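Student: I'd like to ask you about the structure that follows.
The values are calculated or read from the model by the stated rules, or taken from the named source; none is laboratory data. Because the structure is a prediction, the values reported are computed rather than measured. FYI the Cβ positions are ideal-geometry reconstructions off the backbone, even for glycines, and counts take in every protein chain you see. Accessible surface is based on the protein model in full, side chains and every heavy atom, while ligands, DNA and RNA are left aside. Shrake-Rupley method; radii C 1.70, N 1.55, O 1.52, S 1.80 Å.
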Amino acid sequence: MSDPFDFKPKMDEYAVMGNPIAHSKSPIIHSLFAEQTGEPVHYSAIQVDPGGFVQAVGNFQAAGGKGLNVTVPFKQEAWKLVDARSARAERAGAVNTIKIEADGLFGDNTDGVGLVADLIDNNGIVIRERRILLMGAGGAARGVLAPLLAEHPAALHIVNRTPGKAQALADAFADLGPVSGSGYDRLALEPFDIIINATAASLAGELPPLPAGIVTAKTACYDMMYGAKPTPFMDWACQQGSGKVLDGLGMLVEQAAESFYLWRGVRPQTSAVIAQLREQLSNA
Ligand code: ATR
């Protein structure tokens, strides 16, 4: 006879799709959230071949999957694939979270709110009325622009190696706030309150060509990348005297929390999860 007290709820299936995916921290983050909230969530990582994304999502949906995170290089493809999008995903041109519903796929983008939550809630950084410099004009920069502008900075300047892309991005978001764009050589040499690195430079161990004179002790410097060691931008920021130098680990956990909330209607606590991941990173 089966034990009536041995009841285990049936798990709802979630996954992250990307390529590469082996080092993704999303499965550990979401299993910590599931444990903490008691939600019956099982979360795995799925490596998808280039050209195989639509099929992979279809297979996951057919198997009864409830939701997906999407990472490099499929966020734009996910944007095209979904049946409906949140306003922030619409603007970002990229989807990192899919909720699989009875009537189709709903796409959201939680990267920007993840960054803003990490800046404001976890690190006490004020955005309102402050001057922000955003480095990079690719998908990562585009994904965080609307949520940053929603916090009403005094000015947000996008700087990029290819200046035309910074200008085009600024033009595309000009209706949302005081945003401008240029190349690095045209940067006004005045200090910024917050400098955010949304370029792919850290991945390659490179430093964008930033001038001296834009950092004071009051400037917060944030790299959206993270790793066991500080990125070249974080080292540069310390050398320039920045009083607050941060990596993107908190943003990673916060964007995951927002995805979890979209799927489950329950908002997980993030601080213990960030601390646990930080410890794992430092022991890596
Ligand atoms: P992602 O989706 O990560 O944003 P992307 O769309 O390829 O990736 O964009 C990469 C961004 O990093 C671009 O803004 C790129 O500058 P360009 O538009 O001039 O290519 C920027 N980038 C990459 N390597 C860089 C480096 N070494 N220094 C400065 N910017 C760099």
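Student: At 1.4 Å probe size, with no ligands or nucleic acids counted, give the accessible surface of Leu145 in Å², nearest ten.
Tutor: Leu145 exposes around 0 Å² with every protein chain in place.
Student: How far is helix 53-62 tilted off the main Cα axis of the chain, in degrees rounded to 10, range 0 to 90?
Tutor: 30
Student: Same structure again: With no solvent and one point per C-alpha, what does the Debye sum give as log10 I(q)/I(0) for the chain at q = 0.06, 0.10 Å⁻¹?
Tutor: -0.20, -0.54
Student: While we're looking at this one, here's another question. With every protein chain present, what accessible area does Ile132 have (1.4 Å probe, heavy atoms only), rounded to the nearest 10 Å²?
Tutor: Taking all protein chains as shown, Ile132 has close to 0 Å².
Student: Specify whether the C-alpha gyration tensor of the stretch 112-247 places it in the rounded, prolate or oblate class, a ≥ b ≥ c being the square roots of the eigenvalues: rounded for a/c under 1.5, otherwise prolate if a/b is larger than b/c and oblate if not.
Tutor: rounded
Student: Follow-up. Give the peptides 251-264, 176-189, 204-217 in descending order of average Cβ contacts within 10 Å, highest first.
Tutor: Top to bottom by mean Cβ count within 10 Å: 251-264, 176-189, 204-217.
Student: Work through the residues other than Trp79 whose Cβ is under 13 Å from its Cβ and net out their charges, Lys, Arg +1 and Asp, Glu -1.
Tutor: That works out to +1.
Student: Restrict the search to the stretch 102-160; then list the trypsin sites (Lys or Arg not before Pro) that DSSP places in a loop and that have at most 13 other Cβ atoms within 10 Å of their Cβ.
Tutor: Answer in residue order: Arg128.
Student: Write down the accessible area per residue of the stretch 185-284 in Å², having rolled a 1.4 Å probe over the full set of protein chains.
Tutor: It amounts to 48 Å² per residue over the stretch 185-284.
Student: What dipole magnitude, in Debye to the nearest 20, does the stretch 112-247 give about its Cα centre under +1 on Lys/Arg Cβ and -1 on Asp/Glu Cβ?
Tutor: Value, rounded to 20: 120 debye.
Student: May I ask you to give the percent of accessible area on the stretch 112-247 that is carbon plus sulfur, with a probe radius of 1.4 Å?
Tutor: On the stretch 112-247, the fraction of accessible area on carbon and sulfur atoms equals 53 percent.
Student: Continuing with this model, one more query. Which ³J(HN,Hα) values, rounded to whole Hz and listed in residue order, are derived for the stretch 112-117 from phi using the Karplus coefficients 6.51, -1.76 and 1.60 in 6.51 cos²θ - 1.76 cosθ + 1.60 with θ = phi - 60°, glycine and proline given as x?
Tutor: Per-residue couplings from phi come out as x, 5, x, 5, 4, 4 Hz.
Student: For the stretch 173-284, what does the alpha-carbon gyration tensor say about shape, rounded, prolate or oblate, given a ≥ b ≥ c as the root eigenvalues, a/c under 1.5 as rounded, and a/b over b/c as prolate?
Tutor: Because a/c hits 1.5 or more and a/b fails to exceed b/c, the stretch 173-284 counts as oblate.
Student: In whole angstrom, how far apart do the alpha carbon centroids of the stretch 196-218 and the stretch 93-124 sit?
Tutor: The stretch 196-218 and the stretch 93-124 have Cα centres separated by 25 Å.
Student: Quick one: what do you get for the stretch 35-111 if you divide its Cα Rg by 2.2 N^0.38 Å?
Tutor: Normalised by 2.2 N^0.38 Å, the Cα Rg of the stretch 35-111 equals 1.08.
Student: Using a 1.4 angstrom probe on heavy atoms only, work out the carbon and sulfur share of the accessible area of the stretch 7-76 in %.
Tutor: Of all accessible area on the stretch 7-76, carbon and sulfur atoms account for 57 percent.
Student: Moving on. Please determine, in degrees from 0 to 90 and to the nearest 10, the orientation of helix 139-149 with respect to the longest principal axis defined by the Cα atoms of the chain, where the helix direction is its Cα long axis.
Tutor: Taking Cα atoms only, the helix is inclined about 80 degrees.
Student: Here's a follow-up. Specify the residue with the greatest mean-square fluctuation among Lys229, Lys80, Lys165, computed from a Gaussian network of the chain linking alpha-carbon atoms under 10 Å apart.
Tutor: For the chain, modelled as a Gaussian network with Cα springs under 10 Å, the answer is Lys229.
Student: Still on this structure, please answer the following. Which value at 222 nm does the chain reach when only helices count, each DSSP H run of 4 or more adding -39,500 (n - 2.57), with the total divided by all residues and rounded to the nearest 500 deg cm²/dmol?
Tutor: Estimated from H runs of four or more residues: -10500 deg cm²/dmol.
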